[in-house]
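Each value in this text was obtained by applying a stated rule to the coordinates, not by laboratory testing. Worth saying up front: this structure is predicted, and the values here are computed from it rather than measured. FYI the Cβ positions are ideal-geometry reconstructions off the backbone, even for glycines, and counts take in every protein chain you see.
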Amino acid sequence: MAAANNCQYIRFARIFDLVGPASETAILDKSLYLEKAAHYRKLIQTRVPEGFDVVDAIANDINTNKTYTGYKKFLISEREERPGRSRSQMERENADIAKKMVTRGKVSKTTPKRREEKRRDTHPYRVT
């Protein structure tokens, strides 16, 4: 994908590279990816750095705060209104999702990689 778009400084790592050698698979096709990726993503997400508190990070780190605020704005524009939900309920849901996204980003940044290249997936893969 990076080569197809002439992005010479972007490199991707397989999600399996982030999980570790116990999860290696020689053949990765679309069906195997769809079958295993959610499980591997959950394994990665359990690696939250010790002592990391997303609420504290949002309150005390300007970069994390700006990222969190950006995620919330993005979610407002991307999530459709749901019947029976008030605006404040939707805002709370968006805030919770944005906090999870910040935490996933922190996990991704601190996950040991076998290669220098990395791709940060903050959203679960959806099959449409």
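Of note:
- Identity of the residue in segment 70-112, over 14 Å from ARG47 (Cα atoms) and in a loop (DSSP other than H, G, I, E, B), that ends up nearest to the chain's Cα centre (by Cα): ARG79
- Of all positions in segment 34-44, none carries a residue that is without any contact (Cβ under 8 Å) to a residue 24 or more places away in the chain, under 17 Å from ALA95 (Cβ atoms), within 17 Å of the chain's Cα centre (by Cα) and surrounded by 11 or more Cβ atoms within 10 Å (Cβ to Cβ).
- Residue pairs meeting the criteria (Cβ under 8 Å; at least 6 apart or on separate chains; first under 14 Å from LYS72 (Cβ atoms), in segment 82-99; second in a loop (DSSP other than H, G, I, E, B)): MET90/ARG79; MET90/GLU81; MET90/ARG82; GLU93/ARG79; GLU93/ARG85; ASN94/ARG79
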